[in-house]
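Peer 1: Sharing a structure here in structure tokens format.
The values are calculated or read from the model by the stated rules, or taken from the named source; none is laboratory data. Note that this is a predicted model, so its numbers are computed, not measured. With ideal geometry, Cβ positions are generated from the backbone for all residues, glycine too; neighbour counts draw on all protein chains shown.
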Amino acid sequence: MMRVANSTYYQQAVSSIDQNQTQLSKVQAQMSSGLRIQTASDDPVAAGQVLGVNQSIADVANWQSNAASLQSWLGQEDSSLTSVNTSLQQIQTLALQANNATLNSGDRQAIATEMQQQLNSILQQANTQDSSGNYIFGGTQSGGAPFSQTSSGASYSGNSNVNMLSLGPTSEIAAGDPGDAVFMQLKSGDGNINVGAASGNTGTASLTAAGVTDSSQYAGGSYTVKFTAGQYQVLDSGNNVVGSGTYTDGSAIQFKGVSLTLTGTPADGDSFSVAPSTAQSLFSGVQNLINLVANPGSSGAQRAQNQTAMYGALQSLSGAQSHITNVLAGVGAREQAVTTATSQLQSRSTQLQTTLTGLQDLDYAAATAQFSQTQLTLQAAEQSYVQIQGLSLFNYIK
């Protein structure tokens, strides 16, 4: 027979009480916080999974914040460029109204003034700021307005960079477009060629149509069309004759994949130039058009030169409208991508929250039952300890 000392009973009873008190405190903490896992030791595997899920939730929240910022910035850019397009359409309408021989100088000046107001509106849109005061077309340049008005249009002081915001581990979207790409890097003429009348022309011939009809023949060179005694010659940049014929009012002159149509009568020695389109800002193109409307010339030769210049300026304006429309299409595509990403991120966030709930949230019904059971066990242990503590040999002496 093995003898068990009273101290052993005491230690076992105290240990049981401690264990039950610890368990009761743990369940109370779980019920108070609503979380099953209070420390990593409660469930090491699940605790590690919780850390990973919480990191994923934080990543998704950051991407959702980026998506909200993108929606705001792209929406503002969309609105500004739509206003720019509206102004360009109004400028085109006014220029066509001004291209009327019956108008007097006062009428033209009034139209030019209205066109200038539309150009000022475009400049204002180009200097649009967001709610934080950042210029949406300034690139990543902070500080002053990126565009400043000049006598020939406007200058740009922003940069060519753009902020990229993440919408996922492998997804980035540009938060706008730099102003130089939107407003400063356009092409003169029709985007392929630029045609002009010589300033010394004395005839009444003016350009009514010009373009590249066969790109396989046009190699981007410069040419001059000269007129003498009703005949024309086309010279390349090396003064080599590449085309010739009899001039007919309203008939096309074709050479090297280029087609020109003139109306009116050219004088001997008059000439027209054909050259590749050059870089031109939207502002300088519109300002040039305004100047042409305001100063049509007084003589027949000057008006003919003005008509040729007007034709080229209107081609440039049409190109500017197409360019802004293309930028708008890109903005719209990004807006759609952000909308899609926002929906996907919301679904991902819901999925992660569900996973996190399954890993760490407390089952209150089970916890309540465990609390009651632990409480009863603790009471029993305390009562047992009291009884054991009162035991003595004298209890058995009669």
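Peer 1: For Gln149, work out the one condition from (1) over 22 Å from Ser316 (Cβ atoms); (2) more than 17 Å from the chain's Cα centre (by Cα) it doesn't fulfil.
Peer 2: (1)
Peer 1: Any residue that is at pLDDT below 95 and assigned to a loop (DSSP other than H, G, I, E, B) - is there at least one of those in the range 164-174?
Peer 2: yes
Peer 1: Among the residues of the range 191-239, what is the count of those that are of a type outside the set (S, T, N, Q) and not in a strand (DSSP E or B)?
Peer 2: The initial filter retains those residues of the range 191-239 that are of a type outside the set (S, T, N, Q), namely 191, 193, 195-198, 200, 203, 205, 207, 209-212, 214, 218-221, 223, 225-227, 229-230, 232, 234-236, 238.
Add one more test, that the residue is not in a strand (DSSP E or B), and what stays is 191, 198, 200, 203, 205, 214, 218-221, 229-230, 238.
Here the count works out to 13.
Peer 1: Residues being without any contact (Cβ under 8 Å) to a residue 40 or more places away in the chain, at negative phi and over 40 Å from the mean Cα position of the chain (by Cα): count how many of those fall in the range 279-302.
Peer 2: 3
Peer 1: Inspect all residues belonging to the range 124-141 and state whether any of them is more than 30 Å from Thr340 (Cα to Cα) and more than 14 Å from the chain's Cα centre (by Cα).
Peer 2: The answer is yes, given that some residue of the range 124-141 is more than 30 Å from Thr340 (Cα to Cα) and more than 14 Å from the chain's Cα centre (by Cα).
Peer 1: Checking the condition modelled with pLDDT of 95 or more and among the acidic types (Asp, Glu), which residue from Asp107, Asp130, Asp180 passes?
Peer 2: Values: Asp107 fails: modelled with pLDDT of 95 or more; Asp130 fails: modelled with pLDDT of 95 or more.
None of the other options fit; the residue is Asp180.
Peer 1: Does the range 170-189 contain at least one residue that is more than 27 Å from the chain's Cα centre (by Cα) and not aliphatic (A, V, I, L, M)?
Peer 2: yes
Peer 1: OK, next. So Ser222 passes all but one of these: (1) surrounded by 15 or more Cβ atoms within 10 Å (Cβ to Cβ); (2) modelled with pLDDT of 95 or more; (3) touching a strand residue (DSSP E or B) at 6+ places or on another chain (Cβ under 6 Å). Which condition number does it fail?
Peer 2: (1)
Peer 1: Being assigned by TED's automatic domain parsing to the domain that holds Ala101, aliphatic (A, V, I, L, M) and farther than 20 Å from Gly176 by Cα: is that true of Leu328 here?
Peer 2: Against the criterion (assigned by TED's automatic domain parsing to the domain that holds Ala101, aliphatic (A, V, I, L, M) and farther than 20 Å from Gly176 by Cα), Leu328 does not qualify.
Peer 1: Give the number of residues within the range 269-286 that are surrounded by fewer than 17 Cβ atoms within 10 Å (Cβ to Cβ) and of a type in the set (A, V, I, L, M).
Peer 2: 1
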